[in-house]
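Please read the structure below before turning to the comments.
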Amino acid sequence: MTVRRWFFAAVGLLLAAGLTMDPLAAQTSIKVVVNSKPITSYDIKQRAGLLRLTTGRGGAAARRSAMEELIDEQLKMQEAERAGIRVSQAEVDDAYATLARRVKLSPKQLGQALRQAGVRPETLRDRLEAEIGWGQILRARFRQEVRIAESDVLAALRKKDDEETDKSMEYRLQSVIFVIPSKSSSSFKNQRRRDAEAFRRAFNSCDQSEALAQKYREVVVRPAQLRLETELPDDLQQLVEKTPAGKATAPQSTPNGLEVFAVCEKREIESNAAARMEVEEDLRAKEGQQLSRRYLRELRSRAIIDYR
């Protein structure tokens, strides 16, 4: 069973059963110091609880993994601070909400499920914050250090079945954003969602989208763009795939408000572009993972890590 599927199942069982655990002990002690930053027994116990949910591991193995993960996380956060990277609360909120959607819960429900498992939601949010900052560092370093060789791409393509490289879906999409300013009231947000849903129901052609959007205040209609299916994030690709041409996707929350994608056109094209992009993304992902491991080894080699 994959990590994500295990996590989905675990959260579902917790909600269904309404399980609760004893509060964590108030006593705590420092277990590791990373460049003068302490990691406590409480931190480790919390992270071990999160690992139990996401990986199924428990006991001493989970505690050891939790401690090492927290050390890496502290190094990542210190490196992000050194690089002048600041992860905003909005970025963490968005990542937390995205994870909640993937397990078919609201952010509030996800928080309740974590608490029922004895894990503070802040434990997951801390992990997300560290990974967001680390991702920004890696992207900057990746551009400088990593080059995907054409020979590697061609070699990987030759290994793929010809049928996989013959066809791909191309979409012409138009983004329509119902702007929601920060600190808007709940009633305003609810009205914006009603507006977005009304737009979606009335929409039947990208030629009329701008005229239709003018019926609502503070709506941004972006020019339609051609996108291959492999260029779309997984969540959006799934939405677009099940949305007929001439219709619009369900509103999705973004940092700017609610976004609806109008599906202007769909067509299947004969091209290996999709397969090539998939191969390149796989190669980049592998190189990125190797870069992350090398980078962390460098940080560990320079760090002062004091196990207590």
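The values are calculated or read from the model by the stated rules, or taken from the named source; none is laboratory data. The shown structure was predicted, so the numbers you read here are calculated from the model rather than taken from an experiment. For neighbour counting, all protein chains shown are included, and Cβ atoms are generated from backbone atoms with ideal geometry for every residue, glycine included.
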Quick check: is even one residue across region 70-88 at pLDDT below 85, surrounded by 12 or more Cβ atoms within 10 Å (Cβ to Cβ) and part of a helix (DSSP H, G or I)?
-> no
In region 103-123, is there at least one residue being free of Cβ contacts under 8 Å to residues at least 12 places away in the same chain, out of contact with any strand residue (DSSP E or B) (no Cβ under 8 Å at 6 or more places or on another chain) and surrounded by 19 or more Cβ atoms within 10 Å (Cβ to Cβ)?
-> yes
Does Gln208 satisfy the condition of being modelled with pLDDT under 90, of a type outside the set (Lys, Arg) and surrounded by fewer than 16 Cβ atoms within 10 Å (Cβ to Cβ)?
-> yes
Restricting region 114-136 to residues that are out of contact with any Phe, Trp or Tyr (no Cβ under 8 Å at 6 or more places or on another chain) and among the hydrophobic types (A, V, I, L, M, F, W, C), which is farthest from Arg86 (Cα to Cα)?
-> Ala117
Top-ranked residue in region 181-205 [being of a type in the set (A, V, I, L, M, F, W, C) and closer than 16 Å to Ala250 by Cβ; ranked as surrounded by the fewest Cβ atoms within 10 Å (Cβ to Cβ)] = Ala202
Odd one out for Tyr216, checked against (1) within 27 Å of the chain's Cα centre (by Cα); (2) farther than 19 Å from Val240 by Cα | (1)
Region 169-187 - residue that is assigned to a loop (DSSP other than H, G, I, E, B) and farther than 19 Å from Leu212 by Cα and, of those, farthest from the chain's Cα centre (by Cα) = Ser185
Expected output for region 291-302 (first residue over 15 Å from Arg139 (Cβ atoms) and in the same structural domain as Glu68 (by TED's automatic domain parsing), partner modelled with pLDDT under 90 and polar (S, T, N, Q), Cβ below 6 Å, 6+ apart or cross-chain) is none
